[in-house]
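Presented below is the structure to which this report refers.
The values are calculated or read from the model by the stated rules, or taken from the named source; none is laboratory data. Keep in mind that this is a model prediction, so the values were computed, not measured. Glycine also receives a Cβ, built like all others from the backbone with ideal geometry; neighbour counts cover every protein chain displayed.
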Amino acid sequence: MPAKISRMTTQKKSNQRYNVYLTEGNQERYGFSVDEAVLVEFGLRKGLELDDITIDNLIRKDTIQKSYLLAINYLSYRMRTKKEIDDYLKKKEVEPEHIDSIMERLTKEGLLNDKQFAEAFTITRINTTSKGPLLVKRELIEKGVSAFIAEEVITAYTYDTQFEKAMKWATKKLSSSKKDSFQKQLQSLRSTLMQKGFTPDVITDVLMSIQDEKDDIAEWDALVYQGEKLVYKHEKKKTGYELKMKVKEGLYRKGFKMEHIHKFIDGMDD
């Protein structure tokens, strides 16, 4: 004999959930509780008759709805991959067939999209960390993003962005590590940049740029030393333009770069 809904009341702790009471004959009893979404879907109302199969289906639907809301809450903190949601629901001991249903619903609603997650994750890593693209790609795959999607979205990490980030980090590292020889520091930088996930071409270009900068500083110091010696040697006999030309000629013969020579000559007026 079907039971009949005698009344429905909202729960004290959640006005989105309803307690459903049933009567069979003249006896009223508590039947079950359901989420508002399930109540609306089944059109539950006072006086509606429910057989055992329908009640079992209602309880099953409500169980899925509660698990769905768990996933929604988990998503409210940040975007998640499909794997992260799947792992979370398994941890909550949700039935496997229910998980499939929930995942399908979340995907249809646009709340689960691994490509969108990967794009947002990559941009965040670029803007907030010193990690290179290879490391970011590995993180994406570890979170369950497919290798194909990870490879596609990581193109947002351009060569210029890589170089700027790697160069900034390497320069800072060099300035705080002066106990080792310059060559040893470069070797350490190469190793660390590889660990941070920068591509080989960027690492090579950054280290070459640092090497060139170091060489320029050393050359400039040498030029200043030689230039001052030439000034001291010729200033007793030459002045003004003639002195500059004599110094310029002497520095050129010693193999210094013309741009550095001009810089030194211009500074002789100071």
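General remarks:
- Restricting region 155-167 to residues that are in a helix (DSSP H, G or I) and free of Cβ contacts under 8 Å to residues at least 24 places away in the same chain, the residue that is nearest to Thr129 (Cα to Cα): Glu164
- Given (1) modelled with pLDDT of 95 or more; (2) part of a helix (DSSP H, G or I), index of the condition Asp100 fails: (1)
- Of the residues making up region 63-83, those that are surrounded by 17 or more Cβ atoms within 10 Å (Cβ to Cβ) and in contact with a Gly (Cβ under 7 Å, 6 or more places away or on another chain) number 2.
- Residue check: Thr54 meets all listed conditions (1) among the hydroxyl-bearing types (Ser, Thr, Tyr); (2) under 21 Å from Leu69 (Cβ atoms); (3) modelled with pLDDT of 90 or more but one, namely (2).
- Residue within region 86-95 that is within 18 Å of Ile149 (Cα to Cα) and surrounded by 14 or more Cβ atoms within 10 Å (Cβ to Cβ) present: no
- Residues satisfying the stated conditions in region 239-254, i.e. outside any helix (DSSP H, G or I) and under 55 Å from the mean Cα position of the chain (by Cα): Lys254
Table: residues versus (1) modelled with pLDDT under 90; (2) surrounded by 11 or more Cβ atoms within 10 Å (Cβ to Cβ); (3) more than 30 Å from Phe121 (Cα to Cα).
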| site | (1), (2), (3) |
| --- | --- |
| Ser177 | yes, yes, yes |
| Pro200 | no, yes, no |
| Ile217 | yes, no, yes |
| Gln226 | yes, yes, yes |
| Tyr232 | yes, no, yes |
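- Qualifying residue in region 87-104 (condition: out of contact with any Gly (no Cβ under 8 Å at 6 or more places or on another chain), touching a residue at least 24 places away in the same chain (Cβ under 8 Å) and within 26 Å of Ala156 (Cα to Cα)): no
- Qualifying positions in region 128-138 - without any contact (Cβ under 8 Å) to a residue 60 or more places away in the chain and either among the aromatic types (Phe, Trp, Tyr) or closer than 21 Å to Asp201 by Cα (or both): Thr129, Arg138
- Residues satisfying the stated conditions in region 255-270, i.e. modelled with pLDDT of 85 or more and either farther than 26 Å from Thr171 by Cβ or outside any helix (DSSP H, G or I) (or both): Met258, Ile261, His262, Ile265, Asp266
- Candidates Asp212, Asp205: the one that is assigned by TED's automatic domain parsing to the domain that holds Trp169, within 30 Å of Thr129 (Cβ to Cβ) and surrounded by fewer than 13 Cβ atoms within 10 Å (Cβ to Cβ) is Asp212.
- Which listed residue, of Arg45, Arg60, is surrounded by fewer than 13 Cβ atoms within 10 Å (Cβ to Cβ) and either at pLDDT below 95 or not β-branched (Val, Ile, Thr) (or both): Arg45
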